[in-house]
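This report concerns only the one structure given below.
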Amino acid sequence: MAEDKKQNSTEIEELLNEKDAQLNASKEKAPQKRWYIVHTYSGHENKVKVNLEKRIEYMNMGDKIFRVEVPQKTVTKVKDGKKQDRDEKIFPGYVLVEMIMDDDSWYVVRHTAGVTKFVGSAKRPIAAKDSEIKKIIHRTQGQTVKIELDVKVGDKVRIVSGPFADFIGDITEVYPDKSKIRANVSIFGRETPVELEYKQIQKV
């Protein structure tokens, strides 16, 4: 009788251990929450975010799709001496989605209006590296200052700072993406080409 009890106890322990092992294995195999990058139609990033968040709520997918982000940074533009803050997208045409990837969550995201595809192959989206996401999030917290000037080739400008301060220059080239110009400045009767930043000049 005692041997039977002992054997039953051993069998129960073995079953429990097997169950624990199965639970641990299923946990290891369970899909993890990861960030995925979604490609959208250009200019539709914020619409996709709103549409997807509505679909998550409507289709009760909050346990599989957690966050939708459009990476942006605040840019301060200085135009005609006036400052203006505005948000600029860091990656136009892309939206970040934190989700557990399975057939259901893939369907909800992929068939949201404005979404063209996941980054990766058609049937197997590739999760973004955590280090990449941290870099993107870090960039969204920074602030950039851009100076805009309504200048063109042929305009005259006064130089307000630097070694050529108080000189007048004639613009020969404009680089709006770099906020710089190239101008000819008359020094000792000779035309000298100089490169200047927008912040160094004023339109005459």
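Only the coordinates and a few stated rules stand behind these numbers; no lab work does. Fair warning: this is a prediction, and the values are worked out from it, not measured in the lab. All Cβ positions, glycine included, derive from the backbone under ideal geometry; neighbour counts span all protein chains shown.
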14 Å cut-off, amide nitrogen to a point 7 angstrom out along residue 54 Cα→Cβ, residues in the stretch 90-123: 112-115
Of the listed pairs 33/134; 129/199; 77/129; 73/199; 47/178, those with alpha carbons more than 27 Å apart are 129/199; 77/129; 47/178
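Quick check: net charge around residue 88, other residues with Cβ under 14 Å of its Cβ, Lys/Arg +1 and Asp/Glu -1? Present the calculation step by step, with values, prior to reporting the outcome.
Working: positive: 73, 77, 86, 89, 139, 146; negative: 45, 85, 87, 148, 177.
Taking every Cβ under 14 Å from that of residue 88, the sum is +1.
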Short version: ³J(HN,Hα) in whole Hz for each residue of the stretch 168-174, in order, from phi by Karplus 6.51 cos²θ - 1.76 cosθ + 1.60 (θ = phi - 60°), x for Gly and Pro, what are they? 9, x, 9, 5, 10, 8, 10
Treating the beta-carbon of each Lys and Arg as +1 and of each Asp and Glu as -1, no other charges, what is the dipole magnitude of the stretch 38-162 about its Cα centre, to the nearest 20 debye? 560 debye
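Given N residues in the stretch 55-204, what is its alpha carbon radius of gyration divided by 2.2 N^0.38 Å? Working shown, then result.
Working: Rg = 23.8 Å, N = 150, 2.2 N^0.38 = 14.8 Å.
Output field value: 1.61.
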What is the gain in length, in nm to one decimal, between residue 102 and residue 134 on full extension, counting 0.36 nm per residue of separation less the C-alpha to C-alpha distance? 9.1 nm
Work out from phi, with θ = phi - 60° and the Karplus expression 6.51 cos²θ - 1.76 cosθ + 1.60, the ³J(HN,Hα) of each residue of the stretch 39-49, listed in order in whole Hz, and give x for Gly and Pro. 8, 10, 5, 4, x, 9, 4, 5, 5, 4, 4
The stretch 37-84 - Kirkwood radius from inverse mean 1/r over Cα pairs (Å): 13.2 Å
Tell me, what HN-Hα J-couplings in whole Hz come from the Karplus equation 6.51 cos²θ - 1.76 cosθ + 1.60 at θ = phi - 60° for each residue of the stretch 82-88, using x for Gly and Pro? 9, 8, 9, 8, 8, 8, 10
Counting other C-beta atoms within 10 Å, and keeping those with at most 15, which DSSP coil GluC sites (Glu not before Pro) do you find in the stretch 100-193? none
Any idea what log10 I(q)/I(0) is at q = 0.15, 0.19, 0.25 Å⁻¹ for the stretch 59-142, Debye with uniform C-alpha scatterers and no solvent? -0.66, -0.93, -1.33
